[in-house]
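Undergrad: Handing you this structure, nothing more for now.
The values are calculated or read from the model by the stated rules, or taken from the named source; none is laboratory data. Given the structure is predicted, the values throughout are model-derived calculations rather than measurements. Note that each Cβ is placed from the backbone with ideal geometry, even for glycine, and that neighbours are counted across all protein chains shown.
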Amino acid sequence: MLQWINDRMKVIGWIFILPLALVFAVWGVHGIVDFTSAQERALSVNGEQVDVQRLRQVYQEQVAELHRSFPDEIPAELTTELKQSIADQFVNATLLDQMAAERRYVVSDQQVVDSIRNLQAFQVNGQFNHDSYVALLRQQGIEPAEFEAQQRQALRARQFEAGLALSSFATPRELARAVALRNEQREIAWAVVPAARFLGTTNPTEAQLQAWYEKNQDQYRTPESVTLSYVRLRLDDVKAQVTVDEAGLRAFYDSVSERYQAAEQRRARHILVQSGTDDAAAQKRAQDLYAQATRPGADFAALARANSQDAGSAQQGGDLGWAEKSFFVGPFADAVWAMQPGEIRGPVKTQFGWHVIKLEEIQAGHQKSFEEARAELEDEYRRTEAERVFGERQESLDTLAFENTGSLEPVAKALGLAIVTVPNFTRTAGGGEFTQTPAVTQAAFSADVLAGQNSPAIELAPGDVLVLRAADHKLPQPQPLDAVRAQVVGAVRAELAAEQARATATRLAEQLKGGTAWDAALKPLAPVAPSASPASPAAATAVRFQPAKFFARSDMGVPSEVLNRAFRVAQPDPAKPAIDVARLMNGDYAAFAVTNVRKGEAPAETAPLEKQALAAAAARADVFGYVAAMRDEAEINFNPAVFD
């Protein structure tokens, strides 16, 4: 796998292959998109179809995240916004890729190799690991060649974005204004009036409860649900049933004995001189180093540390570790395998430059006997046999489910599987083993399954598939007020308490505008300082006051809603503070006053960084503007029903 990486990677790159930690958010705007193929599509950009399966997968993953904040039911307007946002991201990424292709941006094989090797997802202890690479892609259902093509497209689009960014710059006047705004400080005082202060005095009437219930009835609907039944086939279960006999194990050893042939390995050091723009000069430099390395008493490792341009091995004295011949590029491998321990050769030319090589040791290859390989062999035999049987049963599972679409009984009987039933499996929260499994939820509420058919085989992970069906489909229904009375009472009380908090904060602001000092205006409310212990009995209901103090835009010690509004108001007259009220996210209200402004300045040592940051911001704006312009001219077809 990835043989082409072998052909292009630096010699030492393959010696430290080991690792992993999955984070595929490395592609900027492409981080949420891949460009796999599918037959069913419902979003196209300039005639190019976007993979609907991937579109739905991203949506289901985001919905699963939202359920952490909305365990009962996600507000309809939020799901609508989510669908549009995901579609927009796919459209933007596709447009950038189309434009990069049109402008003939090219990504070399080496750039793709380097990009993949640098992904932390495929690293262990900071080094690329081929086995982890293949295993992680298999878990995602992606072939390596497919992923490599995606990475090439992402790099090409990134080149295009970088080209746009290079044309962006900031003038001295823009920089001065940006610094003045970014580093500006405002003197702010505020008092938070908590809604909890009034909860004990709110007694909603029946009319208020009824009005709230009728206005917000969608919040109190039962979730859409089905009774889910499924049969599940697992590779681990099949493996546990595999029996091993001596004759079969010996026959298996004979068929795979080459796997237990340990190839010859060699340990070498090298000094790399990169060709750069002057290959002849690089060759001469390598010849000089060869001459130094072959002098009596020369320390090859010290020469490598001082002169090698291979960042991966120079600090180790050029040591490449133990490796098979296939790990090295052709000319380098041929030279190493023609040498004897202690021998030094050079210069040897590869696509990476000129090498001076010293062979340290040789470890001969050998064949493991049946007895030596038995423990490892038995596990491999079980796994191989289980995979064969699992493959046959998986094919039978899919066929039987299709041929007996009205029942799971024939499927379960033929394959010896148990039918598991999950009552009240909901579209929003799932149920049973599948509380956060988008593939199962999508299949359970698909049109065919709701019509009474078995689903196709669903692969949850390699070696784990199931077929399901649904019955007793229940659409969301309004719950009577009495059934949700406690929830409605709590919501109305919170609303009434928040309204009283708003009224109190508003009166406080009006007093301040009229010239009343903070101390006098707050005295009836018995405020406490923000630093007061939150564990004190009165903390939840006490008005919390912060005297005037200068704050920057990024300060964390100010309620974000207060900070945002305080920096949006016009600069106050020293004799007339800017006073307003802000609603906090938790339902509390705050009255605040802005009394003074300090113009922002950048220290001389940070001025270059400020300029760089402003240019980067301008570049991002240019990219977004360019994408917006492309959208205006693009032919985009989008059917929101694709998410259903």
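Undergrad: Among the numbered conditions (1) surrounded by fewer than 17 Cβ atoms within 10 Å (Cβ to Cβ); (2) within 24 Å of Val242 (Cβ to Cβ); (3) in contact (Cβ under 8 Å) with a residue 24 or more places away in the chain; (4) among the charged types (D, E, K, R), tell me where Glu361 comes up short.
TA: Among (1) surrounded by fewer than 17 Cβ atoms within 10 Å (Cβ to Cβ); (2) within 24 Å of Val242 (Cβ to Cβ); (3) in contact (Cβ under 8 Å) with a residue 24 or more places away in the chain; (4) among the charged types (D, E, K, R), the lone unmet condition for Glu361 is (2).
Undergrad: Sticking with this one: Looking only at the stretch 275-306, filter to residues that are closer than 23 Å to Asp114 by Cβ and either part of a helix (DSSP H, G or I) or not assigned by TED's automatic domain parsing to the domain that holds Phe352 (or both); which one of those is nearest to the chain's Cα centre (by Cα)?
TA: Step by step, filter the stretch 275-306, then rank; the result is Ala304.
Undergrad: Still on this structure: Confirm whether Val238 is in contact with a Phe, Trp or Tyr (Cβ under 9 Å, 6 or more places away or on another chain), assigned to a helix (DSSP H, G or I) and under 30 Å from Asp448 (Cβ atoms).
TA: yes
Undergrad: Moving on. On the given criteria, is Leu272 within 42 Å of the chain's Cα centre (by Cα) and not in a loop (DSSP other than H, G, I, E, B)?
TA: Yes, satisfied.
Undergrad: Take the residues in the stretch 320-335 that are within 15 Å of Asp310 (Cβ to Cβ) and not aromatic (Phe, Trp, Tyr); name whichever of them is surrounded by the most Cβ atoms within 10 Å (Cβ to Cβ).
TA: Leu320
Undergrad: Further question on the same structure: Just to be sure, is Gln315 free of Cβ contacts under 8 Å to residues at least 24 places away in the same chain and not charged (D, E, K, R)?
TA: Numbers: free of Cβ contacts under 8 Å to residues at least 24 places away in the same chain: yes; not charged (D, E, K, R): yes.
Taking the combined requirement at face value, the residue satisfies it.
Undergrad: Further, regarding this structure: Write out, first by first residue and then by second, each pair whose Cβ atoms fall under 8 Å of each other, whose residues are 6+ apart or on separate chains, and whose first residue, in the stretch 94-107, is part of a helix (DSSP H, G or I) while the second is among the basic types (Lys, Arg).
TA: Final answer for the pair search is Leu95/Arg631; Asp97/Arg156; Ala100/Arg156; Ala101/Arg156.
Undergrad: Taking the stretch 348-358, which residues are assigned to a strand (DSSP E or B) and crowded, with 21+ Cβ neighbours inside 10 Å?
TA: Residues satisfying the conditions are Gly353, Trp354, His355, Val356, Ile357, Lys358.
Undergrad: Which of the residues spanning the stretch 419-448 are assigned to a loop (DSSP other than H, G, I, E, B), in contact with a helix residue (DSSP H, G or I) (Cβ under 7 Å, 6 or more places away or on another chain) and either at pLDDT 95 or above or surrounded by fewer than 14 Cβ atoms within 10 Å (Cβ to Cβ) (or both)?
TA: Ile419
Undergrad: Determine which single condition Ser455 fails, assuming it passes every other condition in (1) more than 17 Å from Val231 (Cα to Cα); (2) buried (at least 18 other Cβ atoms within 10 Å of the Cβ).
TA: Every listed condition holds for Ser455 apart from (1).
Undergrad: Considering the stretch 223-259 alone, what residues qualify as being touching an Asp or Glu at 6+ places or on another chain (Cβ under 7 Å) and among the charged types (D, E, K, R)?
TA: Answer for the stretch 223-259, where residues must be touching an Asp or Glu at 6+ places or on another chain (Cβ under 7 Å) and among the charged types (D, E, K, R): just Arg234.
Undergrad: So, restricting to helices (runs of 4 or more DSSP H) that lie completely within the stretch 460-571, which ones have at least 1 residues that are at pLDDT below 90?
TA: Filter on the stretch 460-571 gives an empty set.
Undergrad: Another question, then. Provide a single number: the residues in the stretch 472-497 that are surrounded by 13 or more Cβ atoms within 10 Å (Cβ to Cβ) and under 21 Å from Gln442 (Cα atoms).
TA: 3
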